[in-house]
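This report concerns only the one structure given below.
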Amino acid sequence: MDKNKISIVILAAGKGSRMKSPKAKVLHTVCGKEMLYHIIKSSREISNDITVVVAHQKDAVVKQISSYFDDINFVIQDADNFPGTGGAMKNISVKNEKVLVLNGDMPLLTADALQGFLGCDNGIIMSIFDLQNPDGYGRVIIENNQVQRIVEQKDASAKELSVTTVNAGIYAFSKNILEKYIPLLSNDNAQKEYYLTDVISMARADGLNISPLLVDEERFKGVNSKKDLSDAEEIMQDRIKTSLMESGVIMQLPSTIYIEEGVTFEGECIVENGCRITGNSKIINSHIKAHSVIEDSIVKNSDVGPLAHLRPACVIEDTHIGNFVEIKKSTLKGVKAGHLSYIGDATVDEGTNIGAGVITCNYDGIKKHETIIGKNVFIGSDSQLVAPITIEDDVMIAAGTTVTSGRVESGVLAISRTKLRTIKDFYYKFFNK
Ligand code: UD1
Ligand code: CA
């Protein structure tokens with residue numbers, strides 16, 4: 001694939017008012033990554049020259065996208081004087097003769113889906129699809145088998161509104177067409193905006209050829225509202241899980257499982273129903289049981305859950321994690337933590353057993369502190385380990401102990417209990433039985 005043939009311009013400057021959100025539309029996430037991230041990722045597979053047009057919340061958009069990619073040209077739209085998708089195309093300078101323009105709110109696009117636009121020679125290729133419900137899209141007016149113009153919903157007559165062929169929002173132009181027509185756009189329309197789509201009717205009036213390319217909604221869907229966002233997420237979830245299952249992951253009731261874009265699996269893995277696995281989690285030869293949540297963590301040769309929660313930065317290896325166990329920023333190797341524990345900022349070594357209800361008290365109200373637990377330690381149920389603390393190898397901690405000493409040496413039993421008292425017949429007296 002020659003990535004020097006076509007330049008790509010992604011429009012990401014709009015307010016996105018239909019999202020009803022304080023956050024810029026293109027920064028809303030689908031499967032854990034911003035919409036704009038997804039579209040740039042696909043774009044980079046076919047082009048080395050990518051321009052992103054920003055305006056609304058431009059600093060946040062540039063900052064976020066620059067954390068992923070360092071080769072994007074950002075151009076700031078003069079959105080006050082030239083609002084609209086046509087206004088966004090002013091002052092664009094690109095390297096190649098052919099230019100692909102993409103709306104930034106199309107997270108489902110794939111590089112494959114863009115192949116059909118690469119053959120643009122002298123005219124314009126524009127994407128269209130037919131929808132049962134064309135609501136929100138620009139209607140494509142075709143007469144004499146030729147695309148004549150695009151009418152935005154807000155400008156459309158009743159007759160035009162009934163047209164179900166719509167503009168998907170992707171166009172391939174030759175550079176000279178953009179240079180000629182963008183300066184000629186007017187904002188004489190319902191939204192008082194400069195519409196990129198008006199280039200189509202102007203070029204057509206000059207006898208240029210407009211080639212419609214029929215595309216599928218599954219990859220070309222535009223996201224305007226939070227409902228659209230959730231629809232897009234569902235489609236992308238389906239793609240992610242299908243591809244993981246094809247590469248060997250077993251999933252029970254996959255429709256109930258949520259797995260983000262950066263998650264990887266190796267070896268034989270089972271994910272039971274209701275699990276959520278996010279960030280750059282890596283699951284290797286492991287069994288994730290029902291309704292567990294794993295955030296940005298590594299799980300290797302282990303079983304986790306049901307109903308366990310691994311918060312970011314855990315490394316769990318050769319370990320059994322049972323139900324209602326929460327772990328944060330901890331490394332456990334060869335450990336058993338079967339029930340109802342909180343383990344935070346800890347390192348736990350081989351052969352150690354963490355009893356039910358054990359808690360690392362890692363936070364003193366101001367700072368977080370570490371807990372280090374050695375090999376073959378037996379921690380009795382309902383113990384609290386007040387950090388910072390180191391428990392050396394071969395230690396027993398009696399059930400119900402609060403360990404505060406900072407260091408517990410090898411070989412000892414640590415026990416902190418008040419002596420048990422029993423008061424004879426108290427029960428019968430108290431309840432008058
Ligand atoms: C646009 C098309 C419509 C098409 C639809 C497909 C126009 C005028 N209309 O409508 O025909 O059916 O996409 O999804 O182009 N943007 C800017 N600067 C602006 C305004 C928008 O960069 O001043 C960006 C937005 O950030 C967004 C993209 O352009 O990523 C599309 O804008 P949006 O407002 O979503 O256009 P639609 O109304 O969906
Ligand atoms: Ca849109």
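The values are calculated or read from the model by the stated rules, or taken from the named source; none is laboratory data. This structure is a prediction, so every number in the text was calculated from the model and none was measured. Neighbour counts run over all protein chains shown; Cβ positions are idealised from the backbone, glycine included. For accessibility, only protein heavy atoms count, side chains too; no ligands or nucleic acids. Shrake-Rupley method; radii C 1.70, N 1.55, O 1.52, S 1.80 Å.
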- Query: In the range 13-31, how many are near ligand 1 (Cβ under 10 Å from one of its atoms) and either surrounded by fewer than 23 Cβ atoms within 10 Å (Cβ to Cβ) or closer than 22 Å to residue 236 by Cα (or both)?
  - Reply: 8
- Query: Before we move on, is residue 10 more than 16 Å from the chain's Cα centre (by Cα), assigned to a strand (DSSP E or B) and near ligand 1 (Cβ under 10 Å from one of its atoms)?
  - Reply: yes
- Query: Would a scan of the range 137-146 turn up a residue that is within 13 Å of ligand 2 (Cβ to nearest atom) and open to solvent by less than 20 Å² (accessible area, probe 1.4 Å)?
  - Reply: yes
- Only one of 329, 336 that is among the basic types (Lys, Arg), over 23 Å from residue 415 (Cα atoms) and open to solvent by 70 Å² or more (accessible area, probe 1.4 Å): 329
- Query: Going through the range 83-105 one residue at a time, which ones are within 16 Å of ligand 2 (Cβ to nearest atom) and among the hydroxyl-bearing types (Ser, Thr, Tyr)?
  - Reply: 85
- Single match in 78, 112, 70 (criterion: outside any helix (DSSP H, G or I), more than 16 Å from ligand 2 (Cβ to nearest atom) and either open to solvent by 70 Å² or more (accessible area, probe 1.4 Å) or basic (Lys, Arg) (or both)): 70
- Message: When the residues of the range 165-178 are narrowed to those that are assigned to a helix (DSSP H, G or I) and under 13 Å from residue 202 (Cβ atoms), which ends up nearest to ligand 2 (Cβ to nearest atom)?
- Response: 178
- Item | Some residue of the range 38-47 being open to solvent by less than 20 Å² (accessible area, probe 1.4 Å), of a type in the set (Ser, Thr, Tyr), in contact with a Leu (Cβ under 9 Å, 6 or more places away or on another chain) and over 19 Å from residue 92 (Cα atoms) | yes
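Let's see how each residue does on (1) open to solvent by 30 Å² or more (accessible area, probe 1.4 Å); (2) away from ligand 1 (no atom under 12 Å from the Cβ); (3) not assigned by TED's automatic domain parsing to the domain that holds residue 92:
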{"site": "156", "(1), (2), (3)": "no, no, no"}
{"site": "162", "(1), (2), (3)": "yes, yes, no"}
{"site": "170", "(1), (2), (3)": "no, no, no"}
{"site": "186", "(1), (2), (3)": "yes, yes, no"}
{"site": "192", "(1), (2), (3)": "yes, no, no"}
